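Working notes for the structure below.
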Amino acid sequence: MAADPSSHAPTVGKAVINFDVPHSARIWNYWMGGKDNYYADRIAGDEWAKVDPGIVPLAKQSRQFLIRVVRYLAGEAGVRQFLDIGTGLPTMQNTHEVAQAVASESRIVYVDNDPLVLAHARALLSKTTPEGVTTYVDSDVQDPDQIVADARNVLNFNQPIAVMFMGILGHVADFDEARSIVARVMAAVPSGAYLALYDSTDTSVEIHDASVTYNDDTGAVPYILRRPEQIARCFDGLEMVEPGLVTLTQWRPDAVELGKAQPVNGYGAVARKP
């Protein structure tokens, strides 16, 4: 992490980590309380939160959603293979940690194209169970054929795979293309596979206004908010797991001592390929 935006940008392989332009994975890391972010990311994150204070609870609840989803898939659904596309920066209880805590033999393939994520992924590879596998594919969400080809080197595509798109499809500007990406990956996995997907949603004035400012003014890759009914279309042809598509806090919430979990501007679901 660098506090000084004038510092020289480091490199990972041939890629340059740019201090001066905010990046969504690092901003999300900042909102979640992580340390792997730069000055420009924190400024952009603070500016968003001024307009939409609900973004910080959304970021934190998105991780809780991931944890519950992976526990369900590795536990009740019995899945032992995970393809986590657009994984972002590691924070706490990442996909491989949750899955391998339930089933130590679980195999996890992470996919991202951010050089800082790659640097952390290299460290992650040494923190897996002896029976399981944790690896990383350096690829773009908009190249699903390459993702599938690389994942075949690790995962058995004749056995069920949990395909995960956690908060990533907003970076695909065209909604039909986003749906096509999901469909192409799901076409490659067998019957009994699962799709786990969430995205931030255009369900409040605050998140809408903050998103417009972020997309127009920061120079970062834009993030396009979807409506919940659009997200639902990504699950066409699949069998929804109860409770279906809901705000993240309402997907199989853990018991709480007081009150109810508050809705956030993010919707997600899990569905099985018949």
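Every read-out reported here was derived from the displayed coordinates using simple, explicitly stated rules and does not represent laboratory data. Note that the structure is a prediction, hence the values are computed from the model and not measured. Cβ placement follows ideal geometry from the backbone for every residue including glycine, while neighbour counts extend to all protein chains displayed.
Amide H contacts under 5 Å for Val137: Tyr110, Val111, Asp112, restricted to partners 5 or more places along the chain or on a different chain, H placed in the peptide plane at 1.01 Å from N.
Past the 25 Å Cα-Cα mark, which pairs from Lys60/Lys273; Lys127/Lys273; Lys60/Lys127?
Details: Lys60/Lys273 29 Å; Lys127/Lys273 31 Å; Lys60/Lys127 23 Å.
Lys60/Lys273; Lys127/Lys273, as the Cα separations exceed 25 Å there.
Taking every alpha-carbon pair in the chain and binning the separations at 5 Å intervals from zero gives 1, 6, 13, 17, 20, 18, 13, 8, 3, 1, 0 percent. Through the Karplus equation 6.51 cos²θ - 1.76 cosθ + 1.60, θ set to phi - 60°, convert the phi angles of the stretch 144-151 into ³J(HN,Hα) values in whole Hz; use x for Gly and Pro. Taking θ as phi minus 60°, the curve returns x, 5, 5, 4, 5, 4, 5, 5 Hz for the stretch 144-151. Hydrodynamic radius of the stretch 40-81 by the Kirkwood approach over all distinct alpha-carbon pairs: 12.1 Å.
Computed from backbone phi with θ = phi - 60° and the Karplus coefficients 6.51, -1.76 and 1.60, the 3J(HN,Hα) list for the stretch 205-217 is 4, 5, 5, 4, 5, 5, 5, 4, 5, 4, 5, 8, 10 Hz; x is used for glycine and proline.
Which residue, Met32, Met92, Met164, tops the fluctuation ranking in a GNM of the chain built on C-alpha contacts under 10 Å? The residue with the greatest mean-square fluctuation here is Met92. Projected onto their three principal axes, the Cα atoms of the stretch 85-174 cover extents of 40, 31, 18 Å, largest first.
Rounded to the nearest Hz, the phi-derived 3J(HN,Hα) couplings of the stretch 59-69 under the Karplus curve 6.51 cos²θ - 1.76 cosθ + 1.60 (θ = phi - 60°) are 4, 5, 6, 5, 5, 5, 4, 4, 4, 5, 5, where x marks glycine and proline.
The alpha-carbon atoms of the stretch 11-102, seen along their principal axes, cover 43, 37, 17 angstrom, with the largest extent given first. Charged neighbours of Ile224, selected by a Cβ distance under 14 Å, balance to -3 (K, R count +1; D, E count -1). Taking amide H as placed 1.01 Å from N in the peptide plane, Gly244 has its amide H under 5 Å from the amide H of Val270, each at least 5 places away in sequence or on another chain.
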